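Asker: Got a structure for you, written out below as C-alpha coordinates; questions coming shortly.
The values are calculated or read from the model by the stated rules, or taken from the named source; none is laboratory data. Here the structure is a predicted model, which means the values were calculated and not measured. Don't worry about glycine lacking a Cβ; one is built from the backbone with ideal geometry, like all the others, and counts go over all protein chains shown.
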Amino acid sequence: MRFVQKLPDANELIKENPLTAEEKSRREDLLSSLRAILSGKDGRKILCIGPCSADREDAVLEYAYRLASLREKVRDVFLIIPRIYTSKPRSTGTGYKGMLHRPAITGKDDILAGVTAVRSLHLKVIRETGFFGADEMLYPESAYYIFDLLSYIAVGARSVEDQGHRMAASGLDIPVGMKNPLSGDMTAVLNSVLAAQTAQTMIYRGWEVQTDGNAYAHAILRGYSDVSGKARPNYHYESLCEFYDLYSKMALKNISVMIDCNHGNSGKHYEEQIRIAKEVLSVCRDYPSLNRFVKGLMIESYLEDGSQILGGGVFGKSVTDPCLGWDKTERLVLELAEMRESG
(Lines give C-alpha, C1' and ligand atoms only; values in the text may rest on other atoms or scores of the structure.)
Protein backbone atom coordinates (compact mmCIF):
# COMPACT_ATOMS: atom_id res chain seq x y z
CA MET A 1 0.00 0.00 0.00
CA ARG A 2 1.50 3.30 -1.11
CA PHE A 3 0.25 6.70 0.08
CA VAL A 4 -0.13 8.67 -3.16
CA GLN A 5 -1.53 12.05 -2.11
CA LYS A 6 -3.37 13.44 0.88
CA LEU A 7 -7.00 14.32 0.30
CA PRO A 8 -8.40 17.67 1.49
CA ASP A 9 -10.17 17.90 4.81
CA ALA A 10 -13.87 17.50 4.08
CA ASN A 11 -14.92 20.34 6.38
CA GLU A 12 -12.50 22.71 4.65
CA LEU A 13 -13.84 21.73 1.23
CA ILE A 14 -17.40 22.29 2.42
CA LYS A 15 -16.48 25.73 3.78
CA GLU A 16 -14.85 26.66 0.46
CA ASN A 17 -17.95 25.62 -1.54
CA PRO A 18 -20.95 25.87 0.80
CA LEU A 19 -24.65 26.00 0.12
CA THR A 20 -26.25 29.39 0.59
CA ALA A 21 -28.86 29.91 3.30
CA GLU A 22 -31.58 29.86 0.62
CA GLU A 23 -30.26 26.60 -0.85
CA LYS A 24 -30.12 25.00 2.60
CA SER A 25 -33.73 26.00 3.14
CA ARG A 26 -34.83 24.49 -0.17
CA ARG A 27 -32.96 21.29 0.65
CA GLU A 28 -34.72 21.06 4.01
CA ASP A 29 -38.09 21.51 2.29
CA LEU A 30 -37.22 18.69 -0.11
CA LEU A 31 -36.08 16.42 2.72
CA SER A 32 -39.34 17.12 4.54
CA SER A 33 -41.23 15.97 1.44
CA LEU A 34 -39.12 12.82 1.11
CA ARG A 35 -39.65 11.98 4.77
CA ALA A 36 -43.39 12.54 4.38
CA ILE A 37 -43.51 10.08 1.46
CA LEU A 38 -41.46 7.46 3.31
CA SER A 39 -43.62 7.81 6.44
CA GLY A 40 -46.84 7.56 4.42
CA LYS A 41 -48.02 11.11 5.06
CA ASP A 42 -47.60 12.10 1.39
CA GLY A 43 -49.17 9.80 -1.20
CA ARG A 44 -46.77 10.65 -4.02
CA LYS A 45 -44.08 8.23 -5.17
CA ILE A 46 -40.36 8.92 -5.35
CA LEU A 47 -38.85 8.63 -8.83
CA CYS A 48 -35.07 8.35 -8.61
CA ILE A 49 -33.98 8.53 -12.23
CA GLY A 50 -30.87 9.26 -14.22
CA PRO A 51 -27.64 7.83 -15.61
CA CYS A 52 -26.08 4.64 -14.32
CA SER A 53 -22.95 6.72 -13.77
CA ALA A 54 -22.36 10.48 -13.92
CA ASP A 55 -19.43 10.22 -16.31
CA ARG A 56 -19.10 13.81 -17.58
CA GLU A 57 -20.34 17.08 -16.24
CA ASP A 58 -21.75 18.57 -19.44
CA ALA A 59 -23.89 15.55 -20.28
CA VAL A 60 -25.19 15.22 -16.72
CA LEU A 61 -26.18 18.89 -16.68
CA GLU A 62 -27.97 18.57 -20.03
CA TYR A 63 -29.89 15.59 -18.64
CA ALA A 64 -30.76 17.51 -15.46
CA TYR A 65 -32.10 20.46 -17.49
CA ARG A 66 -34.45 18.16 -19.39
CA LEU A 67 -35.51 16.38 -16.22
CA ALA A 68 -36.27 19.71 -14.52
CA SER A 69 -38.74 20.55 -17.28
CA LEU A 70 -40.38 17.14 -16.97
CA ARG A 71 -40.55 17.49 -13.18
CA GLU A 72 -43.11 20.28 -13.45
CA LYS A 73 -45.49 18.10 -15.47
CA VAL A 74 -45.66 15.26 -12.93
CA ARG A 75 -45.05 16.97 -9.59
CA ASP A 76 -48.51 16.11 -8.25
CA VAL A 77 -47.81 12.36 -8.37
CA PHE A 78 -44.00 12.03 -8.34
CA LEU A 79 -41.17 13.61 -6.42
CA ILE A 80 -38.26 13.34 -8.87
CA ILE A 81 -34.71 12.91 -7.60
CA PRO A 82 -31.96 12.80 -10.24
CA ARG A 83 -29.38 10.03 -10.06
CA ILE A 84 -25.97 11.73 -9.98
CA TYR A 85 -23.91 8.65 -9.22
CA THR A 86 -20.30 9.77 -9.08
CA SER A 87 -19.00 6.54 -7.51
CA LYS A 88 -19.47 3.10 -9.05
CA PRO A 89 -18.79 -0.27 -7.40
CA ARG A 90 -17.09 -2.94 -9.50
CA SER A 91 -17.54 -6.65 -8.83
CA THR A 92 -13.92 -7.45 -9.75
CA GLY A 93 -12.44 -4.16 -8.57
CA THR A 94 -11.53 -3.19 -12.13
CA GLY A 95 -13.13 -0.87 -14.67
CA TYR A 96 -14.60 2.63 -14.47
CA LYS A 97 -15.35 3.52 -10.84
CA GLY A 98 -16.95 6.88 -11.53
CA MET A 99 -16.04 10.55 -11.47
CA LEU A 100 -14.70 10.31 -7.92
CA HIS A 101 -11.92 8.08 -9.19
CA ARG A 102 -11.55 9.49 -12.69
CA PRO A 103 -12.83 13.08 -13.05
CA ALA A 104 -11.72 13.21 -16.70
CA ILE A 105 -13.28 10.16 -18.28
CA THR A 106 -10.44 9.60 -20.73
CA GLY A 107 -7.76 10.42 -18.14
CA LYS A 108 -6.20 8.51 -15.27
CA ASP A 109 -7.45 7.87 -11.76
CA ASP A 110 -7.00 10.95 -9.58
CA ILE A 111 -9.13 10.91 -6.44
CA LEU A 112 -7.78 14.24 -5.22
CA ALA A 113 -9.13 15.96 -8.34
CA GLY A 114 -12.19 13.73 -8.22
CA VAL A 115 -13.29 14.90 -4.78
CA THR A 116 -13.40 18.50 -6.03
CA ALA A 117 -15.03 17.57 -9.35
CA VAL A 118 -17.79 15.61 -7.64
CA ARG A 119 -18.69 18.44 -5.28
CA SER A 120 -18.59 20.92 -8.17
CA LEU A 121 -20.97 18.78 -10.26
CA HIS A 122 -23.53 18.43 -7.47
CA LEU A 123 -23.40 22.17 -6.78
CA LYS A 124 -23.91 23.01 -10.46
CA VAL A 125 -26.95 20.74 -10.67
CA ILE A 126 -28.41 22.43 -7.57
CA ARG A 127 -27.79 25.97 -8.83
CA GLU A 128 -28.75 25.46 -12.46
CA THR A 129 -31.77 23.14 -12.11
CA GLY A 130 -32.92 23.31 -8.47
CA PHE A 131 -32.41 19.58 -8.00
CA PHE A 132 -30.65 18.01 -5.02
CA GLY A 133 -29.44 14.70 -6.34
CA ALA A 134 -28.89 11.11 -5.26
CA ASP A 135 -25.49 9.42 -5.16
CA GLU A 136 -24.06 6.07 -4.08
CA MET A 137 -22.00 5.51 -0.94
CA LEU A 138 -19.06 3.63 -2.42
CA TYR A 139 -16.85 4.51 0.57
CA PRO A 140 -18.41 5.59 3.89
CA GLU A 141 -15.78 8.30 4.37
CA SER A 142 -16.17 9.80 0.88
CA ALA A 143 -19.86 10.54 1.48
CA TYR A 144 -18.86 13.30 3.88
CA TYR A 145 -17.51 15.41 0.99
CA ILE A 146 -20.99 15.76 -0.52
CA PHE A 147 -23.60 14.60 2.01
CA ASP A 148 -24.73 18.20 2.63
CA LEU A 149 -25.61 18.53 -1.09
CA LEU A 150 -27.64 15.33 -1.44
CA SER A 151 -31.27 14.46 -0.88
CA TYR A 152 -30.79 10.68 -1.10
CA ILE A 153 -27.98 8.15 -0.96
CA ALA A 154 -27.89 4.46 -1.81
CA VAL A 155 -25.78 1.65 -0.39
CA GLY A 156 -25.11 -0.80 -3.20
CA ALA A 157 -25.60 -4.55 -3.36
CA ARG A 158 -21.86 -5.18 -2.93
CA SER A 159 -21.63 -2.95 0.17
CA VAL A 160 -24.90 -3.52 2.00
CA GLU A 161 -23.53 -6.29 4.24
CA ASP A 162 -20.53 -4.20 5.29
CA GLN A 163 -20.71 -2.96 8.89
CA GLY A 164 -19.04 0.36 8.07
CA HIS A 165 -21.64 1.25 5.43
CA ARG A 166 -24.52 0.27 7.69
CA MET A 167 -23.25 2.34 10.60
CA ALA A 168 -22.36 5.36 8.46
CA ALA A 169 -25.91 5.29 7.05
CA SER A 170 -27.22 5.59 10.62
CA GLY A 171 -25.49 8.96 10.95
CA LEU A 172 -26.83 10.69 7.84
CA ASP A 173 -29.73 13.14 7.85
CA ILE A 174 -31.02 12.06 4.44
CA PRO A 175 -32.96 8.95 3.39
CA VAL A 176 -30.67 5.99 2.69
CA GLY A 177 -31.70 3.12 0.45
CA MET A 178 -30.11 -0.27 1.20
CA LYS A 179 -30.05 -2.55 -1.84
CA ASN A 180 -30.52 -6.27 -1.44
CA PRO A 181 -27.22 -8.14 -1.87
CA LEU A 182 -26.32 -9.91 -5.11
CA SER A 183 -27.29 -13.22 -3.49
CA GLY A 184 -30.84 -11.97 -2.97
CA ASP A 185 -30.70 -12.64 0.79
CA MET A 186 -33.67 -10.68 2.13
CA THR A 187 -32.64 -11.15 5.76
CA ALA A 188 -29.31 -9.46 5.01
CA VAL A 189 -30.90 -6.32 3.58
CA LEU A 190 -33.37 -6.09 6.47
CA ASN A 191 -30.52 -6.42 8.96
CA SER A 192 -28.84 -3.56 7.11
CA VAL A 193 -31.97 -1.41 7.38
CA LEU A 194 -32.24 -2.19 11.10
CA ALA A 195 -28.57 -1.30 11.68
CA ALA A 196 -29.00 1.97 9.77
CA GLN A 197 -32.12 2.87 11.76
CA THR A 198 -30.35 2.19 15.06
CA ALA A 199 -28.13 4.59 17.05
CA GLN A 200 -24.48 3.56 16.73
CA THR A 201 -21.02 4.29 18.16
CA MET A 202 -18.29 3.91 15.56
CA ILE A 203 -14.97 5.09 14.15
CA TYR A 204 -15.37 7.65 11.37
CA ARG A 205 -12.74 9.89 9.80
CA GLY A 206 -10.38 9.35 12.73
CA TRP A 207 -13.01 10.11 15.39
CA GLU A 208 -15.12 8.13 17.80
CA VAL A 209 -18.62 9.24 16.79
CA GLN A 210 -22.15 8.54 17.91
CA THR A 211 -25.19 8.51 15.66
CA ASP A 212 -28.90 8.87 16.36
CA GLY A 213 -30.02 6.31 13.80
CA ASN A 214 -31.66 7.07 10.49
CA ALA A 215 -35.41 6.51 10.72
CA TYR A 216 -35.74 6.87 6.95
CA ALA A 217 -33.35 4.09 5.98
CA HIS A 218 -35.21 1.57 3.84
CA ALA A 219 -34.74 -1.31 1.41
CA ILE A 220 -34.26 -1.30 -2.35
CA LEU A 221 -35.15 -4.42 -4.34
CA ARG A 222 -32.84 -4.69 -7.35
CA GLY A 223 -33.10 -8.36 -8.30
CA TYR A 224 -30.35 -10.89 -7.66
CA SER A 225 -28.21 -13.64 -9.20
CA ASP A 226 -28.95 -17.32 -8.64
CA VAL A 227 -26.27 -19.95 -8.02
CA SER A 228 -25.64 -20.26 -11.77
CA GLY A 229 -25.18 -16.48 -12.11
CA LYS A 230 -28.49 -15.92 -13.90
CA ALA A 231 -30.38 -12.71 -13.08
CA ARG A 232 -33.61 -13.18 -11.16
CA PRO A 233 -36.24 -10.52 -10.41
CA ASN A 234 -37.79 -9.67 -7.04
CA TYR A 235 -40.31 -6.97 -8.00
CA HIS A 236 -43.33 -9.18 -8.83
CA TYR A 237 -46.44 -9.26 -6.64
CA GLU A 238 -45.41 -12.52 -4.94
CA SER A 239 -41.94 -11.20 -4.08
CA LEU A 240 -43.37 -7.96 -2.70
CA CYS A 241 -45.84 -9.85 -0.51
CA GLU A 242 -43.13 -12.12 0.86
CA PHE A 243 -40.80 -9.20 1.53
CA TYR A 244 -43.55 -7.18 3.21
CA ASP A 245 -44.21 -10.09 5.58
CA LEU A 246 -40.51 -10.31 6.49
CA TYR A 247 -40.26 -6.53 6.91
CA SER A 248 -43.30 -6.41 9.18
CA LYS A 249 -41.81 -8.91 11.62
CA MET A 250 -38.85 -6.68 12.42
CA ALA A 251 -38.84 -3.82 14.90
CA LEU A 252 -38.31 -1.10 12.30
CA LYS A 253 -39.21 2.57 12.50
CA ASN A 254 -40.15 2.74 8.84
CA ILE A 255 -41.43 0.03 6.49
CA SER A 256 -40.66 1.20 2.96
CA VAL A 257 -39.20 -0.23 -0.22
CA MET A 258 -38.01 1.23 -3.49
CA ILE A 259 -37.98 -0.88 -6.67
CA ASP A 260 -34.91 -0.70 -8.88
CA CYS A 261 -36.22 -1.37 -12.39
CA ASN A 262 -32.82 -2.23 -13.87
CA HIS A 263 -29.94 -4.47 -12.71
CA GLY A 264 -31.05 -7.96 -11.68
CA ASN A 265 -34.73 -7.10 -12.10
CA SER A 266 -34.31 -6.37 -15.81
CA GLY A 267 -31.35 -8.66 -16.40
CA LYS A 268 -29.69 -5.42 -17.56
CA HIS A 269 -32.04 -5.35 -20.57
CA TYR A 270 -32.63 -1.63 -20.17
CA GLU A 271 -35.85 -1.40 -22.20
CA GLU A 272 -37.48 -3.87 -19.80
CA GLN A 273 -37.54 -1.03 -17.27
CA ILE A 274 -40.58 0.33 -19.08
CA ARG A 275 -42.60 -2.84 -18.50
CA ILE A 276 -41.29 -3.32 -14.95
CA ALA A 277 -42.16 0.22 -13.83
CA LYS A 278 -45.69 -0.12 -15.19
CA GLU A 279 -46.17 -3.53 -13.57
CA VAL A 280 -45.08 -2.22 -10.17
CA LEU A 281 -47.49 0.71 -10.36
CA SER A 282 -50.27 -1.65 -11.46
CA VAL A 283 -49.67 -3.80 -8.37
CA CYS A 284 -49.72 -0.66 -6.22
CA ARG A 285 -53.02 0.40 -7.78
CA ASP A 286 -54.64 -2.99 -7.15
CA TYR A 287 -53.31 -3.71 -3.65
CA PRO A 288 -53.53 -0.85 -1.12
CA SER A 289 -51.18 -2.48 1.41
CA LEU A 290 -48.45 -2.83 -1.22
CA ASN A 291 -49.15 0.70 -2.41
CA ARG A 292 -48.32 1.91 1.09
CA PHE A 293 -45.22 -0.31 1.16
CA VAL A 294 -43.73 0.64 -2.23
CA LYS A 295 -42.58 4.24 -1.99
CA GLY A 296 -41.02 4.66 -5.41
CA LEU A 297 -39.02 3.52 -8.41
CA MET A 298 -35.43 3.72 -9.59
CA ILE A 299 -34.85 3.96 -13.34
CA GLU A 300 -31.55 4.18 -15.22
CA SER A 301 -31.85 6.74 -17.99
CA TYR A 302 -29.53 9.02 -19.96
CA LEU A 303 -29.62 11.10 -23.13
CA GLU A 304 -29.00 8.18 -25.50
CA ASP A 305 -30.20 4.57 -25.47
CA GLY A 306 -27.90 1.75 -24.44
CA SER A 307 -24.24 1.90 -23.48
CA GLN A 308 -20.82 2.30 -25.05
CA ILE A 309 -17.26 1.34 -24.26
CA LEU A 310 -15.27 3.73 -22.09
CA GLY A 311 -14.05 6.54 -24.33
CA GLY A 312 -16.65 5.73 -27.01
CA GLY A 313 -17.31 9.43 -27.51
CA VAL A 314 -21.11 9.45 -27.81
CA PHE A 315 -22.43 12.39 -25.78
CA GLY A 316 -24.85 11.28 -23.08
CA LYS A 317 -24.51 7.52 -23.62
CA SER A 318 -23.70 5.37 -20.60
CA VAL A 319 -20.21 3.92 -20.16
CA THR A 320 -21.47 1.47 -17.53
CA ASP A 321 -24.89 -0.23 -17.53
CA PRO A 322 -27.16 0.46 -20.53
CA CYS A 323 -29.82 3.12 -19.94
CA LEU A 324 -33.08 4.28 -21.48
CA GLY A 325 -32.57 7.23 -23.82
CA TRP A 326 -34.31 10.52 -23.18
CA ASP A 327 -37.21 10.12 -25.63
CA LYS A 328 -38.23 6.78 -24.08
CA THR A 329 -37.68 8.19 -20.60
CA GLU A 330 -39.90 11.22 -21.11
CA ARG A 331 -42.67 9.11 -22.60
CA LEU A 332 -42.42 6.57 -19.77
CA VAL A 333 -42.57 9.15 -16.98
CA LEU A 334 -45.64 10.80 -18.51
CA GLU A 335 -47.32 7.41 -18.93
CA LEU A 336 -46.53 6.46 -15.34
CA ALA A 337 -47.98 9.78 -14.17
CA GLU A 338 -51.16 9.12 -16.16
CA MET A 339 -51.44 5.67 -14.57
CA ARG A 340 -51.21 7.20 -11.10
CA GLU A 341 -53.66 9.98 -11.86
CA SER A 342 -56.20 7.60 -13.34
CA GLY A 343 -55.75 5.04 -10.53
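Asker: Go through region 183-204 and count every residue that is surrounded by 18 or more Cβ atoms within 10 Å (Cβ to Cβ), in contact (Cβ under 8 Å) with a residue 40 or more places away in the chain and in a loop (DSSP other than H, G, I, E, B).
Answerer: Going through region 183-204 one residue at a time, the tally reaches 1.
Asker: Considering only residues that are under 20 Å from Arg35 (Cα atoms) and of a type in the set (Lys, Arg), which ones fall in region 242-281?
Answerer: Within region 242-281, just Lys253 meets the criteria.
Asker: If Ala104 satisfies every condition in (1) within 29 Å of Ala277 (Cβ to Cβ); (2) modelled with pLDDT under 95 but one, which is the exception?
Answerer: Of the numbered conditions (1) within 29 Å of Ala277 (Cβ to Cβ); (2) modelled with pLDDT under 95, the odd one out for Ala104 is (1).
Asker: Let me ask you something else. Quick one: Thr94 ticks every box in (1) touching a residue at least 40 places away in the same chain (Cβ under 8 Å); (2) surrounded by fewer than 21 Cβ atoms within 10 Å (Cβ to Cβ) bar one, so which box is it?
Answerer: (1)
Asker: Among the candidates Ala64, Ala54, Ala36, single out the residue that is in a helix (DSSP H, G or I) and in contact (Cβ under 8 Å) with a residue 12 or more places away in the chain. Let's see the steps before the verdict.
Answerer: Values: Ala54 fails: in a helix (DSSP H, G or I); Ala36 fails: in contact (Cβ under 8 Å) with a residue 12 or more places away in the chain.
The conditions single out Ala64.
Asker: Just to be sure, is Asp286 surrounded by fewer than 20 Cβ atoms within 10 Å (Cβ to Cβ), more than 25 Å from Lys230 (Cβ to Cβ) and of a type in the set (D, E, K, R)?
Answerer: Here the answer is yes, as Asp286 does meet what is asked.
Asker: Among the residues of region 307-316, is there at least one that is under 25 Å from Lys73 (Cβ atoms) and buried (at least 18 other Cβ atoms within 10 Å of the Cβ)?
Answerer: So far as region 307-316 goes, yes, one or more of its residues are under 25 Å from Lys73 (Cβ atoms) and buried (at least 18 other Cβ atoms within 10 Å of the Cβ).
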